[in-house]
1. Which residue pairs have Cβ atoms under 6 Å apart, sit 6 or more places apart or on different chains, and have a first residue in the stretch 25-50 that is touching a residue at least 60 places away in the same chain (Cβ under 8 Å) and within 22 Å of I2 (Cα to Cα) and a second that is within 16 Å of the ligand (Cβ to nearest atom) and among the small types (G, A, S)?
2. Among the residues of the stretch 6-35, write down those that are within 15 Å of the ligand (Cβ to nearest atom) and hydrophobic (A, V, I, L, M, F, W, C).
Amino acid sequence: MIRWIKRLFCKHDYQLLKKVSKFQNLRGDRIYIICTKCGHEQGSYFSEHF
Ligand SMILES: [Zn+2]
C-alpha cells in the first residue's frame, strides 16, 4: 500500500538498467527502463550487439 502511494506521487527518475539473466543472450542485452526511486518499470527494449 505504501509502495503504491509512493509510486503515485513519485516524480519518476528513470534509468536504463541491464538485468542479468540466467540465460545470457549472445546477440544482445535486454535493457529495462526503471525508476530508481520507486522501482516502477516503464518498459524494456532489446539492445543488440554489433
Ligand atoms: Zn518512480
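1. none
2. L8, F9, C10, L16, L17, I33, I34, C35
Coordinate-derived values only; no laboratory data. The shown structure was predicted, so the numbers you read here are calculated from the model rather than taken from an experiment. Every residue, glycine as well, gets a Cβ built from its backbone with ideal geometry; the counts of neighbours run over all protein chains shown.
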